[in-house]
Amino acid sequence: MFNNLGMGGFNNLGMEGCQDQNGFGFVVKLAERSLEAALASRLRESQRIQLRRRREVREAAAANRKRQRLLKAEALDRSKRLRRRLREEKNLSVAEILAATSREVHQRQPRHF
């Protein structure tokens, strides 16, 4: 019933006799190293994503500032043109203003040949 290794077939070392301790330790170290590498990879990827998002937010803010600057410049230009036109038309009669306006409209239109 019992063999010379002791009860139940195990030797006096217990489970250690059935497995190579060096091999098992090697596998454990490999698994730990693999987990550490995976964790480091995920951390790098997360940092890369955060940097990309920060860059996108920064670029969007810069584009928004540029757009706002252009809108302000266009509004200022329209305002200047309107003030200049009002100054020019200040002493003109309505007929002269309408005549000048119709000339400007005809000059702006492209000629068709």
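With the Cα gyration tensor of the range 53-112 giving a ≥ b ≥ c as the square roots of its eigenvalues, does the rule (a/c under 1.5 for rounded; else a/b larger than b/c for prolate; else oblate) give rounded, prolate or oblate? Since a/c reaches 1.5 but b/c is at least a/b, the shape of the range 53-112 is classed as oblate.
Tell me the net charge near Leu39. Cut-off is 12 Å between Cβ atoms, Leu39 excluded, with +1 for each Lys or Arg and -1 for each Asp or Glu. Spell out each step's value before the answer.
On the way: positive: Arg33, Arg42, Arg44; negative: Glu32, Glu36, Glu45.
Summing Lys and Arg as +1 and Asp and Glu as -1 gives 0.
Stretched out straight at 0.36 nm per residue, the stretch from Glu104 to Glu89 would grow longer than its current Cα-Cα span by 4.1 nm. What does the charge count around Ala99 come to, taking other residues whose C-beta lies under 15 Å from its C-beta (Lys +1, Arg +1, Asp -1, Glu -1)? Charge balance in the 15 Å sphere: -2.
None of the figures in this text is laboratory data; all of them are computed from the coordinates on show. Since the model is a prediction, treat every value here as computed from it, not as a measurement. Every residue, glycine as well, gets a Cβ built from its backbone with ideal geometry; the counts of neighbours run over all protein chains shown.
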